[in-house]
């Protein structure tokens, strides 16, 4: 008997799951807000115990925890729940690698709204209602970014300090453009006692970076440059300029303008270090890096995730002599550019 094939026998589950994917976002956000992962880590592993610890209803906790099992954030045996290794490391508030604070930034109304009118954005080529102002002066979302996203960036900051051999202790003048939480410059200062960090960002954002510098014990070598990277004077003689998670917000002409300014601010033999989502030349792999372009489509007028060939061209046009791509574990990569 012949097997029937054709459109009527295709499985539409991917379509259904994708249209319902917002439930995953909100379920994880709710679990973090209720502190369910910490509760289970502390021994509250039944519906009743979790509900009491989190001050929530039995029905709500049962349904939410079962859903977290379904999507892979919890395990279940009988009537008891347990953390997966991933949840134990990143979602238990007591873990030094806790990343739950990301939920505050990644689910800000500005970010969620930026994706709601995507068909219109695709039609016109830029945000028309929501998300187009994320780069405006003193946008409050960048203060939340600075407070929420340092944890996930710390491994990248440590990787960059290693690539630069910060522990060698050379006397460095470091410019951290769009410093945000300041973790990249602060990490270099921690590893190199001879590094002076000059962090540039909006004043309200720099206040958060300064808190992190103080907590790390490097505030005496942490200097603030409040303002816009495109308008504020950088000064000169920098050995290192950090461009971490910034260039993707702009189109090539704007990036080129900024890179020429960076090149002029570098000392002879100085280096610019760029951290970015850099897809392969096909722009669809690896998925985590390539898909960041969709975030930029919804949130910025002209931003994108650029492959290395395009970054290489932009840096060369701005006067840099060489550009080296360093792939790191995770979705982001580093480009080290020499003046």
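The values are calculated or read from the model by the stated rules, or taken from the named source; none is laboratory data. What you see is a predicted model; the values in this text were computed from it and never measured. Using ideal geometry, Cβ is built from the backbone for each residue, glycine included, and neighbour counts are taken over all protein chains shown.
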The lone condition residue 275 fails out of (1) closer than 30 Å to residue 109 by Cβ; (2) in a strand (DSSP E or B); (3) without any contact (Cβ under 8 Å) to a residue 40 or more places away in the chain is (3)
So is residue 253 exposed (fewer than 15 other Cβ atoms within 10 Å of the Cβ) and in contact with a strand residue (DSSP E or B) (Cβ under 6 Å, 6 or more places away or on another chain) or not?
no
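Condition check: at pLDDT below 95 and either touching a helix residue (DSSP H, G or I) at 6+ places or on another chain (Cβ under 6 Å) or farther than 28 Å from residue 275 by Cα (or both). Does residue 130 satisfy that? So that I can check it myself, show each step before the final result.
On the way: at pLDDT below 95: yes; either touching a helix residue (DSSP H, G or I) at 6+ places or on another chain (Cβ under 6 Å) or farther than 28 Å from residue 275 by Cα (or both): yes.
Yes: the conditions hold for residue 130.
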Residues (over 15 Å from the mean Cα position of the chain (by Cα), at pLDDT 85 or above and surrounded by 14 or more Cβ atoms within 10 Å (Cβ to Cβ)) located in the stretch 99-117
112
Looking only at helices (runs of 4 or more DSSP H) that lie completely in the stretch 1-105, which have at least 2 residues being in contact (Cβ under 8 Å) with a residue 12 or more places away in the chain?
22-34, 36-41, 47-54, 58-70, 85-90
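Test residue 193 against the criterion of being surrounded by fewer than 20 Cβ atoms within 10 Å (Cβ to Cβ) and out of contact with any strand residue (DSSP E or B) (no Cβ under 7 Å at 6 or more places or on another chain), and give yes or no. Let's see the steps before the verdict.
Values: surrounded by fewer than 20 Cβ atoms within 10 Å (Cβ to Cβ): yes; out of contact with any strand residue (DSSP E or B) (no Cβ under 7 Å at 6 or more places or on another chain): yes.
Against the criterion (surrounded by fewer than 20 Cβ atoms within 10 Å (Cβ to Cβ) and out of contact with any strand residue (DSSP E or B) (no Cβ under 7 Å at 6 or more places or on another chain)), residue 193 qualifies.
With over 24 Å from residue 100 (Cβ atoms), surrounded by fewer than 18 Cβ atoms within 10 Å (Cβ to Cβ) and at pLDDT 95 or above as the only criterion, which of 168, 161 stands out? Working first, answer last.
On the way: 161 fails: surrounded by fewer than 18 Cβ atoms within 10 Å (Cβ to Cβ).
168 is the lone residue from the list that is over 24 Å from residue 100 (Cβ atoms), surrounded by fewer than 18 Cβ atoms within 10 Å (Cβ to Cβ) and at pLDDT 95 or above.
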Determine which single condition residue 121 fails, assuming it passes every other condition in (1) within 20 Å of residue 292 (Cα to Cα); (2) assigned to a helix (DSSP H, G or I); (3) within 19 Å of the chain's Cα centre (by Cα); (4) in contact (Cβ under 8 Å) with a residue 12 or more places away in the chain.
(3)
Against the conditions (1) touching a helix residue (DSSP H, G or I) at 6+ places or on another chain (Cβ under 6 Å); (2) at pLDDT 90 or above; (3) loosely packed, with under 14 Cβ neighbours inside 10 Å, where does residue 93 fall short? Just the number, please.
(3)
